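Working notes, beginning with the structure itself.
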Amino acid sequence: MKVSFTQPEKQLSPYVAFIWVFESSFGVPLADSRIIVPDGRAKIIVPYRNALCAAVNTRLLNAKEQQIFLVGIQSNPTTITSTATDTGTIGMELTPKGLYHLFHLNMHEITNRMVSFEEVFGPQGARLQQLVGDAEDPKQKIVLLQAALTHVLQKNQKEYALLDHTLDILTQTHGMIRVQELADHLGYTKRYVDLLFKEHVGVSPKSLASILRFQEVYQGWMQQKPPTFFRNHWPDYYYDQSHFMKEFKRFTGFTPLHYTAIVNEFGRAFHAKQ
């Protein structure tokens with residue numbers, strides 16, 4: 001199992017956090033928990049060799065081989081599976097800004113879901129899918145995907161100054177800001193900001209702040225792996241232990257104690273360079 005990372009082209013960097021390629025000769029490892037936790041990022045997924053299946057709550061999402069999919073922001077943990085054969089998948093991790101700058105959709109409708117590029121872009125999406133599918137290696141496929149996104153970005157002349165500014169605040173504070181305080185700073189009602197986020201981002205500011213705050217704890221643990229990390233670092237982000245444990249179980253499906261005992265090298269591989 002191997003995960004490699006690529007930085008996006010400069011013009012796309014505000015909207016694409018990073019690009020990864022997952023390769024395995026035996027699919028997603030069955031002995032692993034295969035959990036991907038919410039990270040506040042939507043994704044573009046291209047299973048160019050072998051299909052993937054994602055389980056979110058009680059829903060199964062099937063990503064067919066050689067198709068391109070837009071996956072909305074997760075608010076729940078996802079378990080990934082595949083058949084045990086040669087597997088290759090490209091993932092483009094979008095920043096929250098990337099969704100509304102690149103796609104004209106009601107983002108709430110695709111939260112914890114995915115749609116094909118053919119469904120989003122029609123015949124143009126189908127042509128891009130064919131073009132990417134015909135490319136010989138992952139590097140060529142990534143070049144084609146970035147060129148297509150750059151073209152979409154150049155065509156979109158709409159300004160999103162309020163959303164961009166709000167997301168900058170949430171990101172810079174790692175979600176450590178109350179939604180009412182955020183709304184007061186912006187000069188709008190909390191209800192208006194909630195509606196804006198629901199349509200263009202897919203989750204409320206409160207939900208996104210919770211995910212960003214959790215990621216500050218989770219990423220450090222996944223990268224460093226010390227057994228006392230949770231005990232030492234969660235107080236910086238949560239009111240008390242009960243609050244932390246409730247949020248941890250919400251985003252992973254497990255208590256912290258249970259989670260430290262399970263194998264999740266698949267999930268850990270995606271945090272190697274974040």
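The values are calculated or read from the model by the stated rules, or taken from the named source; none is laboratory data. Source: prediction; values computed, not measured. Virtual Cβ from ideal backbone geometry, glycine too; neighbours counted across all protein chains shown. The area values use the complete protein model at the heavy-atom level, side chains included, leaving out ligands, DNA and RNA. Shrake-Rupley method; radii C 1.70, N 1.55, O 1.52, S 1.80 Å.
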- prompt: Which percent of Cα pairs goes in each bin when the distances of the stretch 117-210 are cut into 10 angstrom slices starting at zero?
  reply: 14, 33, 21, 24, 7, 0
query: Among 170, 60, 99, which one moves the most in a GNM of the chain with springs linking Cα atoms closer than 10 Å?
result: 60
FRET efficiency, residue 178 to residue 152 (Cβ-Cβ, R0 35 Å, nearest 0.05): 0.50
message: Full-extension gain between residue 192 and residue 86, please, as 0.36 nm times their residue separation minus the C-alpha to C-alpha distance.
response: 33.4 nm
Candidate residues 43, 2: accessible-area rank, largest first, probe 1.4 Å: 2, 43
statement: Here the stretch 174-190 yields Karplus 3J(HN,Hα) values (6.51, -1.76, 1.60; θ = phi - 60°; whole Hz; Gly and Pro given as x) of 6, x, 8, 8, 6, 4, 5, 5, 5, 5, 4, 4, 7, x, 10, 6, 4
field: Paramagnetic label zone (point 7 Å from Cα along Cα-to-C-beta, residue 65; backbone N under 11 Å) in the stretch 87-104
entry: 87-88
message: So for the chain, averaging the separation of alpha carbon pairs under 8 Å that are six or more residues apart and normalising by length, what relative contact order in percent results?
response: 21
query: Which shape class, rounded, prolate or oblate, goes with the chain when its Cα gyration tensor gives a ≥ b ≥ c as root eigenvalues, a/c under 1.5 marks rounded, and past that a/b bigger than b/c marks prolate?
result: oblate
- prompt: Given +1 on the Cβ of Lys and Arg, -1 on the Cβ of Asp and Glu, and no further charges, what dipole in debye does the chain carry about its Cα centre, rounded to the nearest 20?
  reply: 340
- prompt: Could you give the longest part of the chain that holds none of the GluC sites (Glu not before Pro) found in DSSP loops with at most 12 neighbouring Cβ atoms within 10 Å?
  reply: 1-135
- prompt: To the nearest 10 Å², what's residue 78's accessible area with a 1.4 Å probe?
  reply: 10
message: For the stretch 1-135, what does the relative contact order come out to in percent, with C-alpha contacts under 8 Å and a separation of six or more?
response: 29
message: Per residue, how much accessible surface does the stretch 116-225 expose to a 1.4 Å probe? Answer in Å², no decimals.
response: 54
- prompt: Which of 123, 14, 205 moves the most in a Gaussian network model of the chain with Cα springs under 10 Å?
  reply: 123
- prompt: In terms of the Cα gyration tensor, with a ≥ b ≥ c the square roots of its eigenvalues, is the stretch 19-153 rounded because a/c is under 1.5, prolate because a/b exceeds b/c, or oblate?
  reply: oblate
query: How would you classify the stretch 43-112 from its alpha-carbon gyration tensor, with a ≥ b ≥ c the square roots of the eigenvalues: rounded for a/c under 1.5, else prolate if a/b is greater than b/c, otherwise oblate?
result: oblate
query: Once both labels are modelled 7 Å past Cα along the beta-carbon direction, what's the residue 168-residue 199 spacing in nm?
result: 2.2
- prompt: Per the Kirkwood formula on distinct C-alpha pairs, the Rh of the stretch 17-79 is how many angstrom?
  reply: 12.7
- line: Distance in nm between residue 240 and residue 257 label points, each 7 Å along Cα→Cβ, equals 1.8
query: What net charge is computed for the residues neighbouring residue 126, neighbours being all others with C-beta under 12 Å from the C-beta of residue 126, Lys and Arg scored +1, Asp and Glu -1?
result: -1
query: Using a probe of 1.4 angstrom, how much of the accessible area of the chain is carbon and sulfur, in percent?
result: 52
